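K.L.:
Pasting a structure here, questions to come.
The values are calculated or read from the model by the stated rules, or taken from the named source; none is laboratory data. Everything numeric here is computed off the predicted structure, so don't read it as measured data. All Cβ positions, even for glycine, are placed from backbone atoms using ideal geometry, and neighbour counts span all protein chains on display. Keep in mind that these areas ignore ligands, DNA and RNA; they rest on the heavy atoms of the full protein, side chains included. Shrake-Rupley method; radii C 1.70, N 1.55, O 1.52, S 1.80 Å.
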Amino acid sequence: MHALGNEHLSKAEWRDRLLRARADQAAESHAREASALVEAVSKVTAKSVCAYLPFGTEPGTTALVDALAAGGARVLLPVILSRTDPLEWAEYTGEADLVPSRFRGIREPGGKRLGTDAVGAAELVLVPALAVDHRGVRLGRGAGHYDRSLVFAAPGAALVAVVRDDELVDRLPGEAHDVRMTGALTPGRGVVELPV
(Lines give C-alpha, C1' and ligand atoms only; values in the text may rest on other atoms or scores of the structure.)
Protein backbone atom coordinates (compact mmCIF):
# COMPACT_ATOMS: atom_id res chain seq x y z
CA MET A 1 0.00 0.00 0.00
CA HIS A 2 2.15 2.80 -1.24
CA ALA A 3 1.17 6.34 -0.36
CA LEU A 4 1.36 7.54 -3.95
CA GLY A 5 -1.96 9.24 -4.52
CA ASN A 6 -2.81 8.85 -0.82
CA GLU A 7 -0.89 11.85 0.52
CA HIS A 8 -4.08 13.75 1.30
CA LEU A 9 -5.77 11.04 3.37
CA SER A 10 -6.54 11.93 6.98
CA LYS A 11 -5.30 9.79 9.86
CA ALA A 12 -8.83 8.38 10.23
CA GLU A 13 -8.95 7.45 6.54
CA TRP A 14 -5.53 5.81 6.75
CA ARG A 15 -6.61 3.85 9.85
CA ASP A 16 -9.80 2.66 8.15
CA ARG A 17 -7.94 1.54 5.02
CA LEU A 18 -5.15 -0.21 6.95
CA LEU A 19 -7.46 -1.97 9.40
CA ARG A 20 -9.61 -3.25 6.52
CA ALA A 21 -6.52 -4.58 4.74
CA ARG A 22 -5.40 -6.38 7.91
CA ALA A 23 -8.86 -7.85 8.43
CA ASP A 24 -8.81 -9.19 4.86
CA GLN A 25 -5.44 -10.94 5.29
CA ALA A 26 -5.63 -14.74 5.05
CA ALA A 27 -4.56 -16.72 8.12
CA GLU A 28 -1.81 -18.49 6.13
CA SER A 29 -0.36 -15.16 5.04
CA HIS A 30 -0.42 -13.86 8.63
CA ALA A 31 1.37 -17.01 9.82
CA ARG A 32 4.05 -16.69 7.11
CA GLU A 33 4.65 -13.04 7.99
CA ALA A 34 4.77 -13.84 11.71
CA SER A 35 7.42 -16.49 11.06
CA ALA A 36 9.46 -14.05 8.96
CA LEU A 37 9.28 -11.44 11.74
CA VAL A 38 10.60 -13.99 14.25
CA GLU A 39 13.48 -14.82 11.91
CA ALA A 40 14.29 -11.13 11.44
CA VAL A 41 14.13 -10.27 15.14
CA SER A 42 16.27 -13.27 16.08
CA LYS A 43 19.18 -11.49 14.33
CA VAL A 44 18.76 -8.43 16.57
CA THR A 45 21.11 -8.17 19.54
CA ALA A 46 20.04 -6.10 22.52
CA LYS A 47 20.37 -6.65 26.25
CA SER A 48 17.14 -4.86 27.11
CA VAL A 49 14.06 -4.60 24.90
CA CYS A 50 10.63 -3.11 25.38
CA ALA A 51 8.23 -5.01 23.15
CA TYR A 52 4.53 -5.83 23.07
CA LEU A 53 2.31 -8.83 22.44
CA PRO A 54 0.62 -8.61 19.04
CA PHE A 55 -3.12 -9.22 19.17
CA GLY A 56 -5.94 -9.44 16.69
CA THR A 57 -4.74 -8.62 13.19
CA GLU A 58 -1.43 -7.06 14.28
CA PRO A 59 1.65 -8.54 12.59
CA GLY A 60 3.41 -11.25 14.58
CA THR A 61 2.62 -13.56 17.47
CA THR A 62 3.94 -14.23 20.97
CA ALA A 63 6.80 -16.08 19.24
CA LEU A 64 8.29 -12.65 18.42
CA VAL A 65 8.72 -11.88 22.13
CA ASP A 66 9.92 -15.43 22.85
CA ALA A 67 12.63 -15.03 20.18
CA LEU A 68 13.90 -11.86 21.84
CA ALA A 69 14.03 -13.59 25.24
CA ALA A 70 15.70 -16.67 23.75
CA GLY A 71 18.38 -14.36 22.32
CA GLY A 72 19.28 -13.28 25.85
CA ALA A 73 17.39 -9.99 26.05
CA ARG A 74 15.52 -8.84 29.12
CA VAL A 75 12.09 -8.19 27.64
CA LEU A 76 9.63 -5.71 29.14
CA LEU A 77 6.01 -5.57 28.03
CA PRO A 78 3.52 -2.74 28.45
CA VAL A 79 0.89 -2.56 31.17
CA ILE A 80 -1.98 -0.21 30.32
CA LEU A 81 -3.16 1.63 33.42
CA SER A 82 -5.80 3.81 31.79
CA ARG A 83 -6.74 5.34 28.47
CA THR A 84 -4.82 8.54 29.27
CA ASP A 85 -1.70 7.50 31.24
CA PRO A 86 1.71 6.56 29.84
CA LEU A 87 2.38 2.83 29.73
CA GLU A 88 3.94 1.06 32.68
CA TRP A 89 6.20 -1.91 32.04
CA ALA A 90 6.69 -5.38 33.53
CA GLU A 91 9.18 -8.11 32.72
CA TYR A 92 8.12 -10.91 30.38
CA THR A 93 8.87 -14.25 32.04
CA GLY A 94 6.94 -16.52 29.67
CA GLU A 95 3.49 -16.98 28.25
CA ALA A 96 2.29 -18.88 31.32
CA ASP A 97 2.72 -15.75 33.45
CA LEU A 98 0.59 -13.49 31.24
CA VAL A 99 -2.73 -12.22 32.56
CA PRO A 100 -5.65 -10.47 30.85
CA SER A 101 -5.42 -6.68 30.79
CA ARG A 102 -8.37 -4.56 31.83
CA PHE A 103 -8.61 -3.80 28.08
CA ARG A 104 -10.25 -6.61 26.14
CA GLY A 105 -8.00 -8.85 24.05
CA ILE A 106 -4.73 -7.60 25.52
CA ARG A 107 -2.49 -9.67 27.77
CA GLU A 108 0.25 -8.37 30.04
CA PRO A 109 2.81 -9.76 32.49
CA GLY A 110 1.35 -10.53 35.90
CA GLY A 111 4.57 -9.67 37.73
CA LYS A 112 5.89 -6.53 39.39
CA ARG A 113 5.25 -3.24 37.60
CA LEU A 114 8.44 -1.31 36.91
CA GLY A 115 6.97 2.15 36.26
CA THR A 116 6.61 4.38 33.26
CA ASP A 117 10.31 5.24 33.07
CA ALA A 118 11.43 1.58 32.75
CA VAL A 119 11.41 2.12 28.96
CA GLY A 120 14.46 4.34 29.54
CA ALA A 121 16.65 1.27 30.10
CA ALA A 122 15.78 -0.31 26.74
CA GLU A 123 18.23 -0.30 23.85
CA LEU A 124 15.41 -1.34 21.51
CA VAL A 125 11.72 -0.51 21.67
CA LEU A 126 9.39 -2.44 19.35
CA VAL A 127 6.32 -0.31 18.77
CA PRO A 128 2.97 -1.45 17.38
CA ALA A 129 1.87 0.53 14.34
CA LEU A 130 -0.71 0.49 11.59
CA ALA A 131 1.88 2.07 9.31
CA VAL A 132 5.12 4.03 9.35
CA ASP A 133 6.46 6.30 6.66
CA HIS A 134 9.92 6.82 5.23
CA ARG A 135 10.45 9.83 7.55
CA GLY A 136 9.71 7.74 10.67
CA VAL A 137 6.20 9.09 11.22
CA ARG A 138 4.17 6.31 12.86
CA LEU A 139 0.43 5.84 12.66
CA GLY A 140 -0.98 4.02 15.68
CA ARG A 141 -4.55 3.24 16.61
CA GLY A 142 -5.07 6.72 17.99
CA ALA A 143 -5.05 6.15 21.76
CA GLY A 144 -1.70 7.95 22.19
CA HIS A 145 -0.22 5.45 24.66
CA TYR A 146 3.11 5.28 22.85
CA ASP A 147 3.36 9.02 22.15
CA ARG A 148 2.99 9.58 25.91
CA SER A 149 5.40 6.75 26.77
CA LEU A 150 8.26 7.08 24.28
CA VAL A 151 9.27 10.44 25.73
CA PHE A 152 10.81 8.32 28.54
CA ALA A 153 12.96 6.30 26.09
CA ALA A 154 16.72 6.73 26.31
CA PRO A 155 18.36 9.05 23.78
CA GLY A 156 19.81 6.80 21.10
CA ALA A 157 17.43 3.90 21.75
CA ALA A 158 16.20 2.23 18.58
CA LEU A 159 12.47 2.90 18.17
CA VAL A 160 11.22 0.34 15.67
CA ALA A 161 7.66 0.12 14.34
CA VAL A 162 6.48 -3.41 13.54
CA VAL A 163 4.48 -3.39 10.31
CA ARG A 164 3.62 -5.49 7.28
CA ASP A 165 5.71 -4.81 4.17
CA ASP A 166 3.05 -2.68 2.48
CA GLU A 167 2.53 -0.65 5.69
CA LEU A 168 5.94 1.00 5.25
CA VAL A 169 4.69 3.88 3.11
CA ASP A 170 6.00 7.04 1.47
CA ARG A 171 4.21 9.63 3.61
CA LEU A 172 1.68 9.73 6.46
CA PRO A 173 0.08 12.76 8.11
CA GLY A 174 2.20 13.72 11.10
CA GLU A 175 2.15 16.21 13.94
CA ALA A 176 4.92 17.97 15.84
CA HIS A 177 4.35 15.90 19.01
CA ASP A 178 4.65 12.56 17.17
CA VAL A 179 7.69 10.58 18.31
CA ARG A 180 9.61 9.55 15.18
CA MET A 181 10.66 5.95 14.64
CA THR A 182 14.29 5.15 13.84
CA GLY A 183 13.37 1.92 12.07
CA ALA A 184 10.71 -0.46 10.86
CA LEU A 185 10.60 -4.22 11.29
CA THR A 186 8.92 -5.87 8.31
CA PRO A 187 8.48 -9.52 7.31
CA GLY A 188 10.09 -9.13 3.89
CA ARG A 189 12.87 -6.63 4.56
CA GLY A 190 13.70 -7.22 8.22
CA VAL A 191 14.85 -4.08 10.00
CA VAL A 192 14.77 -0.99 7.79
CA GLU A 193 16.53 2.13 9.13
CA LEU A 194 14.54 5.34 9.07
CA PRO A 195 14.43 7.95 7.74
CA VAL A 196 14.95 6.33 4.35
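K.L.:
With a 10 Å radius around each residue's Cβ, average the other Cβ atoms per peptide and rank 118-124, 141-147, highest first.
P.N.:
Numbers: 118-124: 21.1, 141-147: 16.0.
Listed from highest to lowest mean packing, they are 118-124, 141-147.
K.L.:
Between residue 177 and residue 16, how high is the FRET efficiency from 1/(1 + (r/R0)^6) when r is the Cβ-Cβ distance and R₀ = 22 Å? Nearest 0.05.
P.N.:
Working: r = 22 Å, r/R0 = 1.02.
Calculated transfer efficiency: 0.45.
K.L.:
Rolling a 1.4 Å sphere over the protein heavy atoms, what is the accessible area per residue of region 8-110, to the nearest Å²? Provide the component values of the computation, followed by the final result.
P.N.:
Values: 5320 Å² over 103 residues.
Using a 1.4 Å probe on heavy atoms only, each residue of region 8-110 averages 52 Å².
K.L.:
How are the Cα pair distances of the chain distributed, in percent, across 10 Å bins from 0?
P.N.:
Per 10 Å bin, starting at 0, the Cα pair percentages come out as 9, 38, 40, 12, 1.
K.L.:
Can I ask one more? Rounded to a whole number, what % of the accessible area of region 1-103 do carbon and sulfur atoms account for, probe 1.4 Å? All intermediate terms of the calculation are to be shown ahead of the outcome.
P.N.:
Details: 2820 of 5330 Å².
Carbon with sulfur: 53 percent of the solvent-accessible area.
K.L.:
Next question. In square nanometres, what is the average projected area of the Cα convex hull of region 1-105? Working shown, then result.
P.N.:
On the way: hull surface 34.2 nm².
Its Cα hull, projected and averaged over all orientations, spans 8.5 nm².
K.L.:
For region 41-196, what does the relative contact order come out to in percent, with C-alpha contacts under 8 Å and a separation of six or more?
P.N.:
Details: 345 pairs, mean separation 32.0, N = 156.
It rounds to 21 percent for region 41-196.
K.L.:
Over what distance in Å are the Cα centres of region 41-95 and region 97-161 separated?
P.N.:
Between the Cα centres of region 41-95 and region 97-161 lies a distance of 9 Å.
K.L.:
If you filter region 37-103 for trypsin sites (Lys or Arg not before Pro), then keep DSSP loop positions with at most 12 other Cβ within 10 Å, what is left?
P.N.:
Details: sites: 43, 47, 74, 83, 102; in loops: 43, 47, 83, 102.
Here the sparse-neighbourhood loop sites are 43, 47, 83, 102.
K.L.:
Give the residue list of GluC sites (Glu not before Pro) in region 145-196 that are DSSP loop and have at most 16 other beta-carbon atoms within 10 angstrom. All intermediate terms of the calculation are to be shown ahead of the outcome.
P.N.:
Values: sites: 167, 175, 193; in loops: 175.
Those that pass, being in a loop and sparsely packed, are 175.
K.L.:
OK, next. Multiply the residue separation of residue 25 and residue 81 by 0.36 nm, subtract the distance between their alpha-carbon atoms, and state the gained length in nm to one decimal.
P.N.:
Details: separation 56, 0.36 × 56 = 20.16 nm, distance 3.09 nm.
Full extension from residue 25 to residue 81 adds 17.1 nm.
K.L.:
Using only DSSP helix segments of four residues or longer, with each worth -39500 (n - 2.57), what per-residue ellipticity at 222 nm results for the chain after dividing by its residue count and rounding to 500? Walk me through the numbers before you get to the answer.
P.N.:
Values: 4 runs with 42 residues, N = 196.
The helix contribution divided over the chain gives -6500 deg cm²/dmol.
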